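This is the structure I have questions about; it appears just below.
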Amino acid sequence: MRHANFGRKLGRTSSHRKALMRNLATSLLTHGRIRTTFIKAKELQPVADQLVTLAKRGDLHARRQALTMVFEEAVVARLFQDIAPWYKERSGGYTRILKLEPRPGDNAPMAFIEFVDRKELASLKRPVPPKKKFKKPAEGKKEKAPAAAKPAKEGVQEKAQAAAKPGKEGVQKSGQAKASTKAPGASKAKKSGQ
C-alpha cells in the first residue's frame with residue numbers, strides 16, 4: 001500500500017517529473033493559461049498555488065525558493081510584481097482546471113489549467129527574458145590560423161599505395177604471410193626432435 005506517498009509518478013523518473021513540473025509552472029506563469037492532460041494539470045495545481053503563496057510573502061527568501069521551481073528570472077519577477085498583487089485578498093485557490101474533449105491521437109483526457117482572474121492577468125505584459133550578451137574577442141589579440149596538414153612521409157605513402165594495388169608487391173599470399181611469421185630454425189628443430 002502507498003501510505004503517505006502522495007503524488008503521481010506519471011511514468012517518469014523523479015528528476016524527469018520535477019523538470020516537467022518546472023516547465024509547466026513556467027509556462028503557466030508566462031501565459032496565464034495552458035492546455036495539458038488532465039492528470040498533469042491536477043499535479044501542477046498545488047505547485048502553482050504554492051508559487052503564488054510564496055509571491056504573496058514577497059521577501060528575498062521566498063523569491064529564491066520560487067527561482068528553484070521556475071526556469072526564467074523574468075517570469076519570477078512577473079510573479080512577484082504583477083500576479084501576487086491580484087491575489088492579495090484571496091487566501092487560496094488561485095488556479096482552476098477546465099476539462100476538455102479527449103486528445104484525438106491517444107484519447108487522453110485534456111484540460112485547461114488557468115489562473116482564476118485571468119482577464120486581469122491578460123492585460124499585463126508577458127515577460128521577455130533578457131538577451132544573452134556575447135563577448136567579443138579582444139582587438140589586440142590575433143586569432144591563430146589553423147595549422148596546415150603536414151604531408152605524410154614518402155616511405156609511408158608509397159607503402160600505402162603499394163598495398164592498394166593488387167599485384168606482386170601489394171598483396172601477399174596467405175602461405176607467405178604465415179611462413180614469414182615463423183622463426184627460421186623452428187621447422188628444423190621439430191624434425192630433429194621426432
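So which residues in the range 3-48 are on the phi > 0 side of the Ramachandran plot and surrounded by 13 or more Cβ atoms within 10 Å (Cβ to Cβ), if there are any at all?
Scanning the range 3-48 gives 10, 32.
Can you pull out every residue in the range 51-85 that is among the polar types (S, T, N, Q) and farther than 17 Å from residue 32 by Cβ?
Result: 53, 65, 68.
One line per residue, one yes/no per condition, for (1) assigned to a loop (DSSP other than H, G, I, E, B); (2) surrounded by 13 or more Cβ atoms within 10 Å (Cβ to Cβ); (3) β-branched (Val, Ile, Thr); (4) at pLDDT below 90:
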{"position": "75", "(1), (2), (3), (4)": "no, yes, yes, no"}
{"position": "79", "(1), (2), (3), (4)": "no, yes, no, no"}
{"position": "97", "(1), (2), (3), (4)": "no, yes, yes, no"}
{"position": "101", "(1), (2), (3), (4)": "yes, no, no, no"}
{"position": "104", "(1), (2), (3), (4)": "yes, no, no, no"}
{"position": "111", "(1), (2), (3), (4)": "no, yes, no, no"}
{"position": "121", "(1), (2), (3), (4)": "no, yes, no, yes"}
{"position": "131", "(1), (2), (3), (4)": "yes, no, no, yes"}
{"position": "134", "(1), (2), (3), (4)": "yes, no, no, yes"}
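What are the residues in the range 28-43 that are part of a strand (DSSP E or B) and polar (S, T, N, Q), if any?
Passing the criteria: 36, 37.
The values are calculated or read from the model by the stated rules, or taken from the named source; none is laboratory data. Predicted, not measured: the structure shown is a model, and the values here were computed from it. Note: ideal-geometry Cβ built from the backbone for every residue, glycine included; neighbour counts use all protein chains shown.
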